[in-house]
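The structure appears below as structure tokens.
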Amino acid sequence: MEAEILKFICANQGAVDADELMFNLFPGQSTTEVISNHSKFALCSSKGKQRVVARTSLRLCRKKGCPVSCGELHLCKNFLYTGSCHFLQRRGCSFPHVLNSDYNQRLLEEHELQGLSRAELCTLLLQSDFTMLPPICFDYNKGDGVFGQCASGVDCERLHICEKSLTQSCSCSRAHDFTAFQPKKILHDKMVPDDMLRSLRSVYSNREALRRNMRGGSGRARRRNLNGAAGGQEGNGADDQKCRQKNKLAKDKTEICMYFIKGHCKHDDKCFKAHDKMPYRWQVQEGGQWNALPDNETIEKEYCDPSNSYSSGSPPVHFDTMTRGGNKVRRLTTVNSLVEPTFIHTTEWLWYWQDEFGKWNMYGSDSARGKSSDIRSETLEQKLLDNESEVEFSAGSQSYSLSFQDMIQTNKHYRTKRLVSRRPRFVSAADVRTKKVRKPPGIFSPVPDHWDKTHIPPTGFSRVAVPHTSDEFQKIEARFHSTLRDFDIVKIERIQNKALWEAFQLQKTQMKNNNSGREVEEKQLFHGTDSKHIGAICLNNFDWRICGVNGTAYGKGSYFARDAKYSHSYTGDSDVKTMFVSRVLVGSYTRGDSSYVRPPSKDGGDINFYDSCVNDVRNPSIFVVFEKHQIYPEYLLTYKTTHPLVDIFSSAPVYQGSAASNQASSSDSSCVIA
């Protein structure tokens, strides 16, 4: 009966008048009796009438080439929308295009959705999963301006649509049509086809009705419907149905609860996550049931090594096919560490590539040839979570592309291909028992792999000479000479200051959390300075409070330049000059102003601020940062004009700095315009 109701509603744009539903399907019965399953139906009020809105807990998997039975539908979003995918013909698509695959069919049957057509299923998923479509901009719906109070204007990533028009007639000046320029642009970016735009009004109207229902309904009743019957074991039909629902949800638990590992979960057996004392659990499917595999920790340790394609047990677990003999195998796990960076017992994923000798090398670490790539595991993992199809990066002088669908790394010049593997970091049972508190994100984060580990003082800093023949030197030299050709680099020193590095990483994590978990834009920028300020900057970072000596056109902060030529103007009058190359977390930026002492607000409030200021938003070449922890002074360049000079830099390659040795110069910390 419920399947029949659901199909009828989804075939009618996802919601119907309660009276119409009862008249067409169940004359003489009460509405509350027919739609008692609140996990599938919501009874909402609209314009004095009751409407029944369909919903589901099934979601579309966003992970490209997801290899596990994650409990979410494995299907291309474009295929779900239209029944076809233009990416498939043009350059390939990373998502499946078969709705009735064995895996998908099993999920649809578990959620009792197997009778829905593709279009009906699309309607149901769009209005149930609020993340599939961009939200309505609430700032646009406030104020009287062309963009309301939205400071982003046409560049806003939310839809500029009148909220009132979704539920009632409206004649205001705001946009009421999803085919208007701004909403159409945003929806196109989300791959929503033109022929769906007209139907989105009902989708967003139903989403709003469901949102209000969740806010206004009985929280206890909703929790009972999500978690199964609470208490009582009577054998009547209603309780039997609740019991079956509870058992189904228990079977569907594919993520491990971190609170239970830590010691206690307040939801007990009603928790929608699996309860286990380890952050991973290997299971085999036997007779339709998932049973725990023996030697859980041994299998996990072998799986974490990318050189292993199967376990050592008998019969072995084949990691590539996730099978054991003729049975399917799955790995339950805790949430990704990038999704919840402040939680303990999360799962950290590491990325590896295989060289020509068969050795697996972790990204970001020194490879077999001594060349470190400029991309690390956490960056690749975030790109995967962001549903990107491939990523480009460099290692030494070579450029590469990595396809997440094929898990293949390709050298863009030589076209050589290498296998790529993604495995979790191994955590033993002893590690779980001793890990009680998560260190604050960023604090005690490992220093870069290419740092000289013999010259990392516990306090202060070291200036380590970078060899002229290294890729590290040549990459910086190339950037310098791209805009400043009539000078020779005498030396490049790497600044190794553990305290500043950890503060920089902590700042990056905080900015990422404020950015809804998305990566924060980071740039490598130049800053010219007089040599007398070097020690103070290496020790204490740039100090914006004494800015202004050479102007503050875009705000009272630390200034950095995209081009070395610009920064050269602020290096003093000596023949031998110094310039910093710094990592800068520019994040989201806007045009600066001389009156700014911090970046302006994005929405006029006192919470949501820009991260930095620039001279030109469309083509920025000058960046102003007001928070010093957004900067790490990574390299110090010493250079001179091309005419011969006496080489005064043949002394020892490492310079050690400390608070004591730099006390005299710390008060002169430079923050002049780069």
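See the values below:
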| quantity | calculated |
| --- | --- |
| Region 271-340, accessible surface, carbon-and-sulfur percent (1.4 angstrom probe) | 47 |
| Total charge dipole magnitude, region 84-194, about the Cα centre, Cβ charges on Lys, Arg, Asp, Glu only, Debye to nearest 20 | 380 |
| Length released on extending from Gln524 to His318, taking residue separation times 0.36 nm less the Cα-Cα span | 69.9 nm |
| Region 55-172, accessible surface, carbon-and-sulfur percent (1.4 angstrom probe) | 49 |
| Region 501-614, relative contact order [Cα under 8 Å, separation at least 6], % | 31 |
| Residue-normalised accessible area of region 88-178, expressed per residue, 1.4 Å probe, Å² | 50 |
| Derived scalar couplings ³J(HN,Hα) [region 620-635; Karplus, 6.51 cos²θ - 1.76 cosθ + 1.60; whole Hz; x for Gly, Pro] | x, 10, 10, 10, 10, 10, 9, 10, 5, 6, 7, 10, 10, x, 7, 9 |
| Subset of Lys190/Lys273; Lys453/Lys577; Lys64/Lys301; Lys253/Lys359 violating a 32 Å alpha-carbon distance limit | Lys253/Lys359 |
| Rounded to whole Å, sorted largest first: equivalent-ellipsoid semi-axes of region 57-104, Cα gyration tensor | 18, 12, 9 |
| Whole-Å semi-axes of region 399-538's equivalent ellipsoid (Cα gyration tensor) | 31, 26, 16 |
| Cross-link partners of Lys49 among aspartates and glutamates (Cα-Cα below 19 Å; sequence separation of 8 or more within a chain) | Asp17, Asp19, Glu20, Glu33, Glu208 |
| Overall dimensions of region 463-606 as given by Cα atoms, namely Rg and Dmax in Å | 16.5, 51 |
| Distance in nm between pseudo-label sites at Asp431 and Glu286 (7 Å out along the Cβ direction from Cα) | 2.8 |
| Percent accessible area from carbon and sulfur atoms, region 555-637, protein chains only, probe 1.4 Å | 43 |
| Radius ratio Rg over Rh of region 55-175, counting only Cα atoms, Kirkwood formula for Rh | 1.08 |
| Dipole magnitude (debye, nearest 20) for region 67-144, charges at Cβ of Lys, Arg, Asp, Glu | 440 |
| Sites Lys164 and Lys185, calculated FRET efficiency, Cβ-Cβ separation with R0 25 Å, nearest 0.05 | 0.70 |
| Estimated FRET transfer efficiency (Asp452, Leu43; beta-carbon r; R0 60 Å; 0.05) | 0.35 |
| Those trypsin sites (Lys or Arg not before Pro) in region 321-361 that DSSP places in a loop and that have at most 15 other beta carbons within 10 Å | Lys359 |
| Calculated FRET value between Glu109 and Asn411, using beta carbons and R₀ = 41 Å, to 0.05 | 0.35 |
| P(r), alpha carbons of region 529-627 - 5 Å bins starting at zero, rounded % | 2, 12, 22, 25, 19, 11, 5, 2, 1, 0 |
| Qualifying aspartates and glutamates (Cα of each under 16 Å from Cα of Lys77; at least 8 residues distant if same chain) | Glu120, Asp129, Asp189, Asp194, Asp195, Asp386, Glu388 |
| Full-stretch length increase - Ser57, Ser401 - with 0.36 nm per residue and alpha-carbon distance subtracted | 120.2 nm |
| Nitroxide proxy distance, nm - points 7 Å out along Cα→Cβ at His264 and Asn327 | 3.6 |
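The values are calculated or read from the model by the stated rules, or taken from the named source; none is laboratory data. Quantities reported herein were computed from a predicted structural model and do not represent experimental measurements. Methodologically, a virtual Cβ is constructed for each residue, glycine included, from the backbone with ideal geometry; neighbour enumeration extends over all protein chains shown. To get the accessible areas, we keep the full protein, side chains included, count just its heavy atoms, and leave off ligands, DNA and RNA. Shrake-Rupley method; radii C 1.70, N 1.55, O 1.52, S 1.80 Å.
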